[in-house]
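Values quoted throughout were computed directly from the atomic coordinates according to the rules given, and no laboratory measurement underlies them. Quick caveat: nothing in here was measured; it's all calculated off a predicted structure. Counting neighbours? That spans all protein chains shown, and the Cβs are built from the backbone with ideal geometry, glycine included.
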Amino acid sequence: MRGFRLNAGYREWLRASLTYAESFGIDRREVNNLSLPLQDVDTNGKAWGLETEFAFFHRRLIILPTYFFSAGGRYHLDGNQYSHGFVSFKGDQVGGLLMNLNWGLHPSAYIDDDGIDDTPYERARKSGTEIKHLGLYIGILTNLYFKIDWWRLNDTNFIGAFGQERRRPFAGILSNDDPIDQNVQNLLLGQAIRLFPEQSTVLSAARRFGAPLGEELDFTLDWDVMQNWKVWATVGVFYPMRYFSTAGLIQGTPQGNTRFVGFQTGMKLVF
């Protein structure tokens, strides 16, 4: 793992941070029941992060645009994986009330105590992701803030069988287009299944790769009642997109395109 970070700012109005990281190596696989080695999977991938903060009126108005991109896994025509893409040392979860607190989504594969967690189909998803976030914080009173946060998540895994274009860092920062033509994808899926019929379930699930996961919108009230007493309330709504409307490989995981809402309130006392 290697990388760098650049920080900059101008008075109290602007703060910015650009981060780059790169992972590289090999995930050695154990032998199978026939004592034949399974295919090793590399950990070669890159990640970029851009965090900015614009503050006005003595920080009564704060605008927070942020961006993150980590390269996802790469898969052969038959659906077998040959790269994890970028692999981190776990890091933060992503999103707000629903994606972070409820699902525990991580924006990349990461090293765990039992190897590498690369789980694009599980509920607590750990896989390559592009994240666009915009926060708007408004100081209603000196001790009361109203916050709006929006996140858009896109999958960055790649399988060449479907002719999709690989997502590139910063390439879609101002666009929310789905890069996949579903009619072409279904045509190529049929051809791939004819070549590898034993992999039909895996290939069908891989239609998720490169698809938009969804958008989350959170509304929060933060009230600093006293210096050591804080109260907050958040309501969030998540809009699943094509990633979740495409059947995966694991039963019981989130699936479908029905939006859902969550609410949280709490307080913090410091002594």
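The largest-to-smallest principal axis extents of the Cα set in segment 50-94 are 56, 21, 13 Å. Around the amide H of A109, modelled in the peptide plane, lie the amide H atoms of S88, S127, G128, all under 5 Å away and 5 or more residues distant in sequence or on another chain. Spin-label model, R15 to A233: label points 7 Å out along the Cα-to-beta-carbon direction sit 2.8 nm apart. Cβ-to-Cβ counts within 10 Å put E130, E22, E12, E122 in ascending order as E12, E22, E122, E130, the fewest first. If you plug the beta carbon distance of W150 and Q39 into 1/(1 + (r/R0)^6) with R0 = 51 Å, you get a FRET efficiency near 0.80.
Only Cα pairs under 8 Å and 6+ residues apart enter the sum, and on that basis the relative contact order of segment 136-260 stands at 28 percent.
For segment 218-232, backbone phi angles converted through the Karplus equation (6.51, -1.76, 1.60; θ = phi - 60°) give residue-by-residue couplings of 10, 10, 9, 10, 10, 10, 8, 4, 9, 4, 10, 9, 10, 10, 9 Hz, Gly and Pro being listed as x. Pairs of Lys residues in the chain, spaced 8 or more positions apart or belonging to different chains, with C-alpha separations under 22 angstrom: 9 in total.
The GNM of the chain, with springs linking C-alpha atoms under 10 angstrom apart, assigns the highest mean-square fluctuation among P212, P120, P179 to P179. How tilted is helix 182-195 with respect to the longest principal axis of the chain? Cα atoms for both, answer in degrees (0 to 90, nearest 10). Helix 182-195 sits roughly 30 degrees off the main axis of the chain. With N as its number of residues, the chain has a Cα radius of gyration that, divided by 2.2 N^0.38 Å, comes to 1.12. Each Lys and Arg Cβ is given +1 and each Asp and Glu Cβ -1; about its Cα centre, segment 190-271 then shows a dipole of about 300 debye.
Full extension of the segment from F89 to T258, taken as 0.36 nm per residue of separation minus the current Cα-Cα distance, would add 57.6 nm. For segment 1-101, the Kirkwood radius over C-alpha pairs fed into Stokes-Einstein at 10 °C and 1.306 mPa s yields D = 95 µm² per second. Look at S245, S204 and count the other Cβ atoms within 10 Å of each Cβ; fewest to most, that gives S245, S204.
Each of the peptides 181-188, 63-70 was scored by the mean count of other Cβ atoms within 10 Å over its residues; in descending order, highest first, they stand as 63-70, 181-188. By the equivalent-ellipsoid construction on the alpha carbon gyration tensor, segment 78-203 comes out with semi-axes of 34, 19, 12 Å, ordered largest to smallest. Projecting the Cα atoms of Y121, L136, G73 onto the charge dipole of segment 26-155, computed from C-beta unit charges around the Cα centre, puts L136 farthest toward the positive end.
Rounded to the nearest 20, the size of the Cβ-charge dipole of the chain about its Cα centre is 560 debye, with Lys and Arg at +1 and Asp and Glu at -1. Available extension along the chain between E22 and I138 is 38.1 nm, counting 0.36 nm per residue and deducting the alpha carbon span.
Between F196 and H76, the simple label model (points 7 Å from Cα in the Cβ direction) yields a spacing of 0.7 nm.
In percent, rounded to a whole number, the relative contact order of segment 212-271 is 38, using alpha-carbon pairs under 8 Å and six or more apart. Sorted from greatest to least, the principal axis extents spanned by the alpha carbons of segment 178-271 come out as 67, 23, 19 Å.
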